[in-house]
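For reference, the structure discussed in these notes is given below.
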Amino acid sequence: MEGFVDHYIVLGLPSGEEALKLTEKEIAKAYKLKALDLHPDKRPDDPDAHDKFQRLKTSYEVLKDEKARKLFDDLLRIQREKQHKKSQVDSKRRKMMSDLEQRERSAFSPDPAARAYDEEERIARKLKEEIERIRARHAKKKGGFQTPESGVDGKRKEERSGAGANVQLDKERVLKVSWETIGEGYTAGRLRQVFSEFGEVEDVVIRSTKKKCSALIVMATKDGAVAATRTLCGDLSNPLLVVPLQKAAQNDFLTAKKSAEAEPQSNIVGAGLQAYEDAVMQRLRKAAMDQKNRGVKPHDQE
């Protein structure tokens with residue numbers, strides 16, 4: 001209600017049901033105390049002092065008049081009842097809203113079992129993605145290596161399993177290479193670099209022991225394999241003994257070449273083959289040193 005003034009409050013008295021018990025003397029006493037405090041003469045610096053004092057006098061006139069006071073008390077009572085009903089309605093409304101929100105949450109909230117199942121599915125899916133990522137990373141590190149079922153690479157892997165060459169591989173393109181275990185030796189990459197001078201190298205398989213190292217070199221063509229057996233390969237300090245896998249070496253270089261051809265290899269096996277290779281290796285080193293002393297490069301000899 002606009003412009004409503006509680007006259008009991010203006011006089012500094014309690015309002016509401018307690019105000020009904022106040023006597024005329026108590027009201028007059030409260031007015032005198034307030035008048036002494038709010039009189040304009042006591043507040044010369046307050047520009048609203050006169051208005052405040054007039055409101056005080058008006059409130060006192062209403063309350064000291066029996067009929068006016070009764071009407072004012074009725075007005076306060078109606079306001080209290082109205083406020084009480086509003087409070088009850090607000091309370092019921094709040095309860096209804098709370099119940100409605102609770103029902104909505106219950107309707108839209110997932111079942112605990114379903115929520116657990118969804119969480120399990122999410123974790124399983126995430127794990128599968130991580131496994132695929134790890135597999136892809138390893139495949140990338142191996143240079144795009146594919147499984148045997150994927151085609152040509154799988155067939156090559158099967159052909160190179162075991163000793164390094166399948167029985168169906170053309171042995172005339174395969175070279176057996178041996179060298180001493182001195183110095184830095186030879187790696188697969190170094191061997192591939194050496195024999196690439198004679199043609200494309202398809203594969204290199206190394207087998208090492210404490211005293212001697214050997215390897216199988218698979219050339220792309222027979223011509224490349226033949227060319228590799230006709231020259232001195234590798235470092236002069238540790239030359240490579242190169243023989244065809246299909247049959248005994250047919251061509252060496254210089255004196256070592258003739259000696260190697262003079263001794264048939266078809267019947268040399270086991271310890272005899274080892275002794276033969278050692279002897280040829282000694283001749284190769286001697287020939288290499290002679291060439292070095294004469295200033296002849298190994299690849300100039302055929």
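For the pairs Lys21/Lys95; Lys29/Lys67; Lys171/Lys212; Lys42/Lys64; Lys176/Lys286; Lys176/Lys292, note any where the Cα-Cα span goes beyond 31 Å. Before the final figure, lay out each step's value.
Values: Lys21/Lys95 37 Å; Lys29/Lys67 20 Å; Lys171/Lys212 23 Å; Lys42/Lys64 25 Å; Lys176/Lys286 21 Å; Lys176/Lys292 25 Å.
Check vs 31 Å cut-off fails for Lys21/Lys95.
Quick one: ranking Arg190, Arg105 by accessible area, 1.4 Å probe, largest first, what do you get?
If we order Arg190, Arg105 from most to least accessible, we get Arg105, Arg190.
State, as an integer percentage, the relative contact order of the stretch 1-147 based on alpha-carbon contacts under 8 Å between residues 6 or more apart. Working shown, then result.
Numbers: 58 pairs, mean separation 26.2, N = 147.
Reported relative contact order: 18 percent.
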**Request:** Take Tyr8, Tyr60 and sort them by solvent-accessible surface of the protein heavy atoms, 1.4 Å probe, largest at the top.
**Result:** Tyr60, Tyr8
**Message:** What distance in nm separates the two pseudo spin-label positions at Lys82 and Ser196, each 7 Å out from Cα along the beta-carbon direction?
**Reply:** 10.1 nm
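The values are calculated or read from the model by the stated rules, or taken from the named source; none is laboratory data. The model shown is predicted, which means the values in this text are computed figures rather than measured ones. Here the Cβ is made from the backbone with ideal geometry for all residues, glycine too, and neighbour counts use every protein chain on show. Accessible surface is based on the protein model in full, side chains and every heavy atom, while ligands, DNA and RNA are left aside. Shrake-Rupley method; radii C 1.70, N 1.55, O 1.52, S 1.80 Å.
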